[in-house]
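Read-outs: derived from the displayed coordinates by stated rules, not from any lab. Because the structure is predicted, anything quoted here is derived from the model rather than measured. Heads up, the Cβs are rebuilt from the backbone with ideal geometry, glycines too, and the neighbour counts pull from every protein chain shown.
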Amino acid sequence: MTGVGALVGVGVGPGDPEHVTLKAVRELREADRVFVPATSASAGGAGRAETVAAAHVAPERLIRLGFAMADEDGRDAQWDAAGQAIARVVDAGGTAAFATLGDPSVYSTFAYVVQTVRALAPGVTVRTVPGITAMQDLAARTGAMLAEGTDGVALIPWTAGEARVRAALDAFETVVIYKGGRHLPRLLEVVREAGREDEATVGTHLGLGGEVVTAAGAADGPVPYFSTVLVTPARDAAARGGRL
Ligand SMILES: C[S@@+](CC[C@H](N)C(=O)[O-])C[C@H]1O[C@@H](n2cnc3c(N)ncnc32)[C@H](O)[C@@H]1O
């Protein structure tokens, strides 16, 4: 029996275990095996997704898979090993769940997992369970509206390059920037140059413990990888429906 099982990417939200959906909890509990990414950042210990998932699933059910993003030499071997571990479950007709921070379709390791497992078990059924993103969590914590009326929203990683971030700041009312933690001082300079510093907020480790939410003007120096910058347009409270 080959490739008859399923692979389910389960979004567990940005960090707060209360931001895990009922559907995600059910999928994690019903899966034959639950895999969680262990990155170089977690130094072999529990990664963020594992910590969140462990609030809802017996921790001994969680199987760590190494994903050393920064280590190019070891990366391919680790991804292959991860794919093979999942493919064994799928080949036996089982369901493998892969828990991932935020939403599985947004800059998640899950995309690479799917590619690898599909190559090993072409008949696999792939599903995703959407999760709350860091972008939504930061908007909720600041009370900002992500979009009103005709507003456009851009989500872009800092790794896409300064020029693209600058273009997004010029073209979109709301801009969310991921993966910029280490480069926050330069990132905020770009926001300032676009004349949008007063509209920007930085959220670090949302829901993960040690959470910090600051106005861009008060941010100082680099911040950890799990940081998000949210830029929303100044709203005129008196102009109800003004953006329609
Ligand atoms: C690889 S992406 C994962 C995105 C995730 N799948 C999502 O849907 O939000 C990692 C980036 O997401 C953002 N992020 C994820 N979790 C976060 C959190 N708890 N607090 C702040 N930012 C977070 C950061 O910008 C980080 O660099």
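In terms of packing, defined here as the mean over residues of other Cβ atoms within 10 angstrom, the peptides 97-106, 188-197, 128-137 line up highest first as 97-106, 128-137, 188-197. Taking amide H as placed 1.01 Å from N in the peptide plane, Leu155 has its amide H under 5 Å from the amide H of Val176, each at least 5 places away in sequence or on another chain.
Semi-axes of the equivalent ellipsoid for the range 134-231, computed as √(5λ) from the eigenvalues of its C-alpha gyration tensor and ordered from largest down, come to 18, 16, 12 Å. The residue list Pro233, Ala99, His183 was ranked by how far each Cα lies along the charge dipole of the chain toward its positive end, using unit charges on Cβ atoms, and Ala99 comes out on top.
What is the ratio of the Cα radius of gyration of the chain to 2.2 N^0.38 Å, with N the residue count, to two decimals? Could the numbers behind the result be given before it?
Numbers: Rg = 19.4 Å, N = 244, 2.2 N^0.38 = 17.8 Å.
Dividing the Cα radius of gyration by 2.2 N^0.38 Å gives 1.09.
Nearest 5 is fine: what % of DSSP beta bridges in the range 6-129 come out antiparallel, could you say? Beta bridges within the range 6-129, antiparallel portion: roughly 5 percent.
Using alpha-carbon pairs under 8 Å, 6+ residues apart, how would you state the relative contact order of the range 6-129 in percent? Show your work: numbers first, answer last.
Working: 230 pairs, mean separation 50.7, N = 124.
Result for the range 6-129 is 41 percent.
Taking only the Cα atoms of the range 6-129, the radius of gyration and Dmax are 13.1, 39 Å. Packing around the peptides 164-170, 215-221, taken as the average count of other Cβ atoms within 10 Å per residue, puts them in this order, highest first: 164-170, 215-221. Net charge dipole, the chain: roughly 460 debye, given to the nearest 20, about the Cα centre with Cβ charges of +1 for Lys and Arg and -1 for Asp and Glu.
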